[in-house]
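K.L.:
Would you mind keeping the following structure in view while I ask a few things?
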Amino acid sequence: MFSASILVWILPVVLAITVHEAAHGYVARAFGDPTAELAGRITLNPLRHIDPVGTIAVPLGLYLLSSAMGGGGILFGWAKPVPVNFNRLRRPKADMLWVAAAGPLSNLLMALGWAFMLVLLSGSAPDSYAYGASLMAGAGISINGVLMLLNLLPVPPLDGGRIAISLLPDRLAREYARIEPFGFLILLALLTTGMLNAVLGPLLDGFMALLQMLFGN
(Lines give C-alpha, C1' and ligand atoms only; values in the text may rest on other atoms or scores of the structure.)
Protein backbone atom coordinates (compact mmCIF):
# COMPACT_ATOMS: atom_id res chain seq x y z
CA MET A 1 0.00 0.00 0.00
CA PHE A 2 2.80 2.37 0.97
CA SER A 3 4.87 1.64 -2.16
CA ALA A 4 1.81 2.01 -4.40
CA SER A 5 1.02 5.36 -2.79
CA ILE A 6 4.58 6.57 -3.35
CA LEU A 7 4.45 5.53 -7.02
CA VAL A 8 1.25 7.51 -7.52
CA TRP A 9 2.89 10.65 -6.13
CA ILE A 10 6.38 10.48 -7.67
CA LEU A 11 5.63 11.84 -11.16
CA PRO A 12 3.26 14.64 -10.04
CA VAL A 13 5.70 15.81 -7.34
CA VAL A 14 8.72 15.74 -9.67
CA LEU A 15 6.84 17.62 -12.40
CA ALA A 16 5.41 20.17 -9.96
CA ILE A 17 8.82 21.03 -8.54
CA THR A 18 10.77 20.87 -11.80
CA VAL A 19 8.40 22.97 -13.92
CA HIS A 20 7.95 25.48 -11.07
CA GLU A 21 11.69 26.11 -10.82
CA ALA A 22 12.32 26.09 -14.57
CA ALA A 23 9.52 28.64 -15.02
CA HIS A 24 11.32 31.11 -12.76
CA GLY A 25 14.49 30.80 -14.83
CA TYR A 26 12.66 31.02 -18.14
CA VAL A 27 10.82 34.22 -17.21
CA ALA A 28 13.97 35.74 -15.69
CA ARG A 29 15.75 35.13 -18.99
CA ALA A 30 12.86 36.70 -20.90
CA PHE A 31 13.19 39.83 -18.73
CA GLY A 32 16.94 40.12 -19.18
CA ASP A 33 18.64 37.94 -16.55
CA PRO A 34 20.49 34.90 -18.00
CA THR A 35 21.82 33.69 -14.61
CA ALA A 36 19.61 30.60 -14.44
CA GLU A 37 20.31 29.72 -18.06
CA LEU A 38 24.08 30.00 -17.54
CA ALA A 39 23.75 27.75 -14.48
CA GLY A 40 21.88 25.13 -16.56
CA ARG A 41 18.70 25.51 -14.52
CA ILE A 42 16.22 26.23 -17.32
CA THR A 43 15.61 22.54 -17.80
CA LEU A 44 13.01 19.87 -17.10
CA ASN A 45 15.72 17.55 -15.81
CA PRO A 46 14.62 17.07 -12.18
CA LEU A 47 18.15 16.24 -11.06
CA ARG A 48 19.11 19.88 -11.67
CA HIS A 49 16.46 21.09 -9.21
CA ILE A 50 16.59 18.48 -6.44
CA ASP A 51 17.89 19.53 -3.03
CA PRO A 52 18.95 16.34 -1.18
CA VAL A 53 17.66 17.67 2.13
CA GLY A 54 14.63 19.73 1.14
CA THR A 55 13.36 17.60 -1.74
CA ILE A 56 14.07 14.11 -0.38
CA ALA A 57 15.07 13.83 3.28
CA VAL A 58 12.65 16.31 4.87
CA PRO A 59 9.47 15.38 2.91
CA LEU A 60 10.09 11.64 3.31
CA GLY A 61 10.93 11.97 7.00
CA LEU A 62 7.87 14.10 7.73
CA TYR A 63 5.62 11.78 5.76
CA LEU A 64 6.84 8.67 7.58
CA LEU A 65 6.75 10.34 11.00
CA SER A 66 3.27 11.80 10.59
CA SER A 67 1.94 8.53 9.15
CA ALA A 68 3.43 6.55 12.05
CA MET A 69 1.74 8.94 14.49
CA GLY A 70 -1.63 8.36 12.84
CA GLY A 71 -1.74 11.57 10.83
CA GLY A 72 -2.65 11.92 7.20
CA GLY A 73 0.96 12.15 6.10
CA ILE A 74 2.47 15.64 6.04
CA LEU A 75 4.16 16.69 2.81
CA PHE A 76 6.52 19.64 3.14
CA GLY A 77 9.77 20.40 1.39
CA TRP A 78 11.57 22.57 -1.11
CA ALA A 79 13.67 22.42 -4.25
CA LYS A 80 17.03 24.03 -4.98
CA PRO A 81 16.14 27.67 -5.72
CA VAL A 82 16.79 28.83 -9.26
CA PRO A 83 19.45 31.58 -9.19
CA VAL A 84 18.06 34.94 -10.25
CA ASN A 85 20.01 38.20 -10.23
CA PHE A 86 17.19 40.72 -9.95
CA ASN A 87 19.61 43.58 -10.65
CA ARG A 88 20.11 42.21 -14.16
CA LEU A 89 16.41 42.41 -14.99
CA ARG A 90 15.48 45.30 -17.25
CA ARG A 91 13.26 46.81 -14.55
CA PRO A 92 14.47 45.00 -11.40
CA LYS A 93 11.68 45.84 -8.96
CA ALA A 94 8.79 45.67 -11.43
CA ASP A 95 10.02 42.57 -13.27
CA MET A 96 10.59 40.75 -9.99
CA LEU A 97 6.81 40.31 -9.82
CA TRP A 98 6.67 38.35 -13.09
CA VAL A 99 9.68 36.18 -12.26
CA ALA A 100 8.20 35.33 -8.84
CA ALA A 101 4.68 34.74 -10.19
CA ALA A 102 5.92 32.33 -12.88
CA GLY A 103 6.33 29.45 -10.42
CA PRO A 104 2.84 29.53 -8.86
CA LEU A 105 1.31 30.15 -12.30
CA SER A 106 3.01 27.02 -13.63
CA ASN A 107 1.52 25.05 -10.72
CA LEU A 108 -1.92 26.45 -11.51
CA LEU A 109 -1.64 25.38 -15.14
CA MET A 110 -0.45 21.90 -14.14
CA ALA A 111 -3.31 21.54 -11.66
CA LEU A 112 -5.75 22.42 -14.45
CA GLY A 113 -4.08 19.87 -16.72
CA TRP A 114 -4.31 17.13 -14.10
CA ALA A 115 -7.95 18.05 -13.45
CA PHE A 116 -8.76 17.69 -17.14
CA MET A 117 -7.01 14.30 -17.14
CA LEU A 118 -9.05 13.25 -14.11
CA VAL A 119 -12.26 14.10 -15.93
CA LEU A 120 -11.20 11.98 -18.92
CA LEU A 121 -10.40 9.03 -16.65
CA SER A 122 -13.46 9.24 -14.40
CA GLY A 123 -15.36 5.99 -14.10
CA SER A 124 -12.30 3.80 -14.73
CA ALA A 125 -12.45 0.27 -13.37
CA PRO A 126 -10.52 -0.06 -10.05
CA ASP A 127 -8.28 -2.81 -11.46
CA SER A 128 -7.33 -0.88 -14.62
CA TYR A 129 -4.27 1.15 -15.52
CA ALA A 130 -6.59 4.09 -16.15
CA TYR A 131 -7.70 3.98 -12.52
CA GLY A 132 -4.06 4.21 -11.40
CA ALA A 133 -3.61 7.16 -13.73
CA SER A 134 -6.69 8.81 -12.23
CA LEU A 135 -5.15 8.46 -8.75
CA MET A 136 -2.00 10.10 -10.13
CA ALA A 137 -4.10 12.92 -11.56
CA GLY A 138 -5.68 13.47 -8.15
CA ALA A 139 -2.21 13.60 -6.60
CA GLY A 140 -1.14 16.07 -9.30
CA ILE A 141 -4.02 18.38 -8.45
CA SER A 142 -3.21 18.23 -4.74
CA ILE A 143 0.55 18.79 -4.92
CA ASN A 144 0.25 21.63 -7.42
CA GLY A 145 -2.49 23.27 -5.38
CA VAL A 146 -0.37 23.06 -2.23
CA LEU A 147 2.78 24.36 -3.95
CA MET A 148 0.91 27.21 -5.60
CA LEU A 149 -0.77 28.39 -2.39
CA LEU A 150 2.27 27.83 -0.18
CA ASN A 151 4.51 29.83 -2.49
CA LEU A 152 1.98 32.67 -2.65
CA LEU A 153 2.25 33.27 1.10
CA PRO A 154 3.73 36.78 1.53
CA VAL A 155 6.86 35.56 3.33
CA PRO A 156 10.20 36.26 1.64
CA PRO A 157 11.90 34.39 0.03
CA LEU A 158 8.69 32.63 -1.07
CA ASP A 159 7.25 33.85 -4.36
CA GLY A 160 4.47 35.68 -2.55
CA GLY A 161 7.07 37.60 -0.57
CA ARG A 162 8.85 38.60 -3.77
CA ILE A 163 5.54 39.71 -5.29
CA ALA A 164 4.82 41.81 -2.18
CA ILE A 165 8.25 43.45 -2.37
CA SER A 166 7.66 44.25 -6.03
CA LEU A 167 4.30 45.88 -5.31
CA LEU A 168 5.21 47.84 -2.17
CA PRO A 169 6.56 51.39 -2.34
CA ASP A 170 10.36 51.48 -2.37
CA ARG A 171 10.88 52.35 1.31
CA LEU A 172 8.41 49.75 2.56
CA ALA A 173 9.79 47.19 0.09
CA ARG A 174 13.31 47.62 1.51
CA GLU A 175 12.02 47.17 5.06
CA TYR A 176 9.94 44.15 4.11
CA ALA A 177 12.89 42.52 2.32
CA ARG A 178 14.73 42.43 5.65
CA ILE A 179 12.43 39.57 6.69
CA GLU A 180 14.00 37.27 4.11
CA PRO A 181 16.83 35.81 6.28
CA PHE A 182 14.17 34.69 8.76
CA GLY A 183 11.67 33.40 6.20
CA PHE A 184 12.54 29.73 6.62
CA LEU A 185 12.31 29.98 10.41
CA ILE A 186 8.93 31.67 10.08
CA LEU A 187 7.68 28.82 7.88
CA LEU A 188 8.98 26.19 10.32
CA ALA A 189 7.23 27.97 13.18
CA LEU A 190 3.98 28.10 11.21
CA LEU A 191 4.33 24.41 10.34
CA THR A 192 5.10 23.13 13.84
CA THR A 193 2.36 25.21 15.49
CA GLY A 194 -0.27 24.06 12.99
CA MET A 195 -0.87 27.60 11.76
CA LEU A 196 0.39 26.77 8.29
CA ASN A 197 -2.27 24.10 7.89
CA ALA A 198 -4.87 26.44 9.39
CA VAL A 199 -4.08 28.98 6.68
CA LEU A 200 -3.51 26.67 3.72
CA GLY A 201 -6.30 24.21 4.54
CA PRO A 202 -9.25 26.53 3.79
CA LEU A 203 -7.44 27.99 0.77
CA LEU A 204 -6.82 24.53 -0.65
CA ASP A 205 -10.43 23.53 0.00
CA GLY A 206 -11.57 26.63 -1.87
CA PHE A 207 -9.22 25.86 -4.75
CA MET A 208 -10.52 22.27 -4.97
CA ALA A 209 -14.10 23.55 -4.92
CA LEU A 210 -13.30 25.93 -7.76
CA LEU A 211 -11.82 23.10 -9.83
CA GLN A 212 -14.94 21.04 -9.18
CA MET A 213 -17.09 23.89 -10.43
CA LEU A 214 -14.95 24.25 -13.57
CA PHE A 215 -14.67 20.58 -14.42
CA GLY A 216 -17.80 19.21 -12.81
CA ASN A 217 -16.12 16.12 -11.36
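The values are calculated or read from the model by the stated rules, or taken from the named source; none is laboratory data. Please read these numbers as outputs of a predicted model, since none were measured by experiment. Here Cβ is always computed from backbone atoms with ideal geometry, including for glycine, and neighbour counts include all displayed protein chains.
K.L.:
For region 127-185, name all the residues that are aromatic (Phe, Trp, Tyr) and either farther than 21 Å from Glu21 by Cβ or surrounded by 19 or more Cβ atoms within 10 Å (Cβ to Cβ) (or both).
P.N.:
Within region 127-185, Tyr129, Tyr131, Tyr176, Phe182 meet the criteria.
K.L.:
Those residues that are assigned to a loop (DSSP other than H, G, I, E, B) and closer than 18 Å to Met213 by Cβ, I need them from region 110-133; list them, please.
P.N.:
Ser122
K.L.:
Out of the residues in region 117-141 that are touching a helix residue (DSSP H, G or I) at 6+ places or on another chain (Cβ under 8 Å) and of a type in the set (Ser, Thr, Tyr), which is modelled with the lowest pLDDT?
P.N.:
Ranking the qualifying residues of region 117-141, first place goes to Ser124.
K.L.:
What about Ala115, is it crowded, with 17+ Cβ neighbours inside 10 Å and under 15 Å from the mean Cα position of the chain (by Cα)?
P.N.:
Taking the combined requirement at face value, the residue does not satisfy it.
K.L.:
What do you reckon, is Ala16 in contact with a Gly (Cβ under 9 Å, 6 or more places away or on another chain) and among the aliphatic types (A, V, I, L, M)?
P.N.:
yes
K.L.:
Additional query: When you check Trp114 against the structure, is it at pLDDT 95 or above and either in contact with a strand residue (DSSP E or B) (Cβ under 9 Å, 6 or more places away or on another chain) or farther than 23 Å from Phe31 by Cα (or both), yes or no?
P.N.:
Considered against the rule, which asks whether it is at pLDDT 95 or above and either in contact with a strand residue (DSSP E or B) (Cβ under 9 Å, 6 or more places away or on another chain) or farther than 23 Å from Phe31 by Cα (or both), Trp114 comes out as yes.
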